[in-house]
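One structure below.
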Amino acid sequence: MKSIFLSFVLLLFSVGAAAVIETYQFDTPLQQKRYHAFIEELRCPKCQNQNLSGSDSAISKDLRRQIHSMIMDDKSDIEITQYMVARYGDFILYRPRFSGQTAVLWLAPLALLMLGALVWWRMAAGRKRQPLSADAALSVNEQTRLHELLNDDDSGDAETRS
């Protein structure tokens, strides 16, 4: 019984060991640093919100291989980025470039902040214009009528109590 349980536990832990670990050889530490920067900053087209380093999809493996190949061919960062954007669009970039298509992404937070400031300013200005007491907002006739009603109510309560 113990051996079956031990075999089962070892089998569970060995599943993670079967995962493929890609190792690429680089000539310089700078090439390795560039590679890791790219796979951290580029998004997997299949996984949506996962970068290339965290994705195990087939396309992310292909893209990591392509990036390694381009770095080893001494392609510049700009050339690699342009290739990826030409092939997969601005979606592949976690920080898309400012263009007509991405203007909303970059300008919407600023516009919402300005709208919030405008609403706050209008509400604060509206509070300053409001009268401080309810009596000041009533006309002279309304104030007289209010005092009559209050006085009548007080005298009616006094009569019912006695």
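Each value in this text was obtained by applying a stated rule to the coordinates, not by laboratory testing. Computed from a predicted model, the values in this text were never measured in an experiment. Neighbour counts run over all protein chains shown; Cβ positions are idealised from the backbone, glycine included.
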Note, the stretch 36-47: 3J(HN,Hα) by Karplus (6.51, -1.76, 1.60, θ = phi - 60°), whole Hz, Gly/Pro = x, goes 5, 5, 5, 6, 7, 8, 9, 8, 6, x, 8, 7
Where does the charge balance sit around A37 when Lys and Arg score +1, Asp and Glu -1, over other residues with C-beta under 13 Å from its C-beta?
-> +1
Hey, can you rank 31-38, 60-67 by average C-beta count inside 10 Å, highest first?
-> 60-67, 31-38
Per-residue HN-Hα couplings for the stretch 141-150, Karplus 6.51 cos²θ - 1.76 cosθ + 1.60 at θ = phi - 60°, whole Hz, x for Gly and Pro?
-> 5, 5, 5, 4, 4, 4, 5, 4, 5, 5
Report, by chain and number, residues whose modeled amide H sits under 5 Å from the one on L42, excluding near sequence neighbours (fewer than 5 apart, same chain).
-> L52
Compute the distance in nm between two label points, each set 7 Å from the Cα along the Cα-to-Cβ direction, one at N49 and one at L107.
-> 2.6
Extension gain from D90 to D74, taking 0.36 nm per residue of separation minus the Cα-Cα distance | 3.4 nm
Enter the per residue convex hull volume of the stretch 35-147, computed from alpha-carbon coordinates, in Å³ rounded to the nearest integer.
-> 178
